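I have placed the structure first, in the form of C-alpha cells, so that the comments after it can refer back to it.
Bear in mind that the values in this text are calculations on the coordinates, not laboratory data. The structure presented is a predicted model; accordingly, all values stated were derived computationally and were not measured. Every residue, glycine among them, receives a Cβ derived from its backbone with ideal geometry; neighbour counts consider all protein chains shown.
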C-alpha cells in the first residue's frame with residue numbers, strides 16, 4: 001500500500017475549509033487582475049484624451065503662428081480660426097514676443113512648462 005502524507009489526513013478532515021480557501025484565493029486573484037485591467041483601461045483612455053487635446057491645442061497654435069507671419073491682426077486671426085480673441089490672445093502674445101519659439105515652445109509656455 002502506498003504511504004500517504006500526514007498532511008493528507010488534515011486536508012481530508014478539513015476538505016470544505018480547504019476548498020473555500022482555494023476558491024477565495026482564486027476569486028481574490030481574479031478580482032485583483034480585473035481591477036488592474038480596469039485601471040489600465042482608464043489610464044489608456046485618459047492618455048488618449050490628453051493626447052487629443054494636446055494635438056488640437058498645437059494645431060491651433062500652428063494656425064495662429066502662420067496667420068501672424070502673414071501679417072494678420074488678432075481680431076482677424078480669431079475670426080479665421082473661429083475662436084474668441086480671449087482664447088487666441090495668449091498664443092498671439094507669446095508668438096509675437098518670442099518669434100524664435102516653435103509650436104512646442106509656445107505650447108510649453110502656455111502650460112507653464114517653459115524652459116526658455
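Things to note:
- 0 to 90° range, to nearest 10: angle between helix 85-97 axis and the chain longest Cα axis: 80 degrees
- Rounded to the nearest 10 degrees, the angle from helix 15-69 to the longest Cα principal axis of the chain is 10 degrees.
- Inter-site label distance for residue 52 and residue 79 at 7 Å from Cα along Cβ, in nm: 3.2 nm
- Shape class of segment 59-116 from the alpha-carbon gyration tensor: prolate, with a/c at 1.5 or above and a/b greater than b/c.
- Distance from the C-alpha centroid of segment 12-65 to that of segment 75-97: 39 Å, rounded to the whole angstrom.
- Ordered from longest to shortest, the equivalent ellipsoid semi-axes for the chain are 67, 14, 9 Å, each the square root of 5 times a Cα gyration tensor eigenvalue.
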